[in-house]
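Right, one structure below, let's go through it.
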Amino acid sequence: MVVFRVVLIVLFAWVVGYTIPVLAEYGLAPLLPTFFGDMAALTWPGQFNADFFGFLLLSGIWVAWRNHFSPAGLALAVLAVFGGIPFLTAYLFIMSFRVDGDLKALILGSGR
């Protein structure tokens, strides 16, 4: 579990560290038009974005399912889709402590 938590920290720091200068340079305005525009253009960047968006959707569905599709779970799912790796790594890091490092409880949630 220690190695897993270190990987979560590294991923979080890497993506946030990458995002900060990009936000400073470009802001948020071009994010969605560029993201979906590349997909509409049927280019390799669009293919990557489509693949990545699928991962984001699966992440959101898993978070909602793990939380029994409760209102809080659905709100967390929206955060998972729009928050990407910063959200998911922070979520898994926090949950790993809440379940005392039990991988089955981490993946399945409570009551399963």
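The numbers here are math on the coordinates, done by the rules we state, and not lab data. Bear in mind the structure is a predicted one, so any value in this text is a computation, not a measurement. Glycine also receives a Cβ, built like all others from the backbone with ideal geometry; neighbour counts cover every protein chain displayed.
Taking the stretch 1-29, which residues are surrounded by 11 or more Cβ atoms within 10 Å (Cβ to Cβ) and either outside any helix (DSSP H, G or I) or touching a strand residue (DSSP E or B) at 6+ places or on another chain (Cβ under 8 Å) (or both)?
Met1 - this is the single residue of the stretch 1-29 that is surrounded by 11 or more Cβ atoms within 10 Å (Cβ to Cβ) and either outside any helix (DSSP H, G or I) or touching a strand residue (DSSP E or B) at 6+ places or on another chain (Cβ under 8 Å) (or both).
Taking only pairs six or more apart or across chains, which ones have beta-carbon atoms under 6 Å, a first residue in the stretch 59-71 that is touching a residue at least 24 places away in the same chain (Cβ under 8 Å), and a second residue that is part of a helix (DSSP H, G or I) and crowded, with 20+ Cβ neighbours inside 10 Å?
So the pair list comes out as Ser59/Ala80; Ser59/Leu88; Val63/Ala77; Val63/Ala80.
Are any residues in the stretch 34-62 more than 12 Å from Ala80 (Cβ to Cβ) and of a type in the set (Gly, Ala, Ser), and if so, which ones?
Across the stretch 34-62, the qualifying residues are Gly37, Ala40, Ala41, Gly46, Ala50, Gly54.
Looking only at the stretch 28-72, count every residue that is within 17 Å of the chain's Cα centre (by Cα) and of a type outside the set (Phe, Trp, Tyr) and tell me the total.
So the answer is 17.
How many of the residues making up the stretch 4-19 are closer than 22 Å to Asp102 by Cβ and without any contact (Cβ under 8 Å) to a residue 24 or more places away in the chain?
2
Which one of these is of a type in the set (Gly, Ala, Ser) and within 20 Å of Phe4 (Cα to Cα): Gly101, Gly73, Gly54?
Exactly one residue qualifies, and that residue is Gly101.
Just for the stretch 68-101: of the residues that are in contact with a Ser or Thr (Cβ under 9 Å, 6 or more places away or on another chain) and in a loop (DSSP other than H, G, I, E, B), which one is nearest to Asn49 (Cα to Cα)?
Here the residue is His68.
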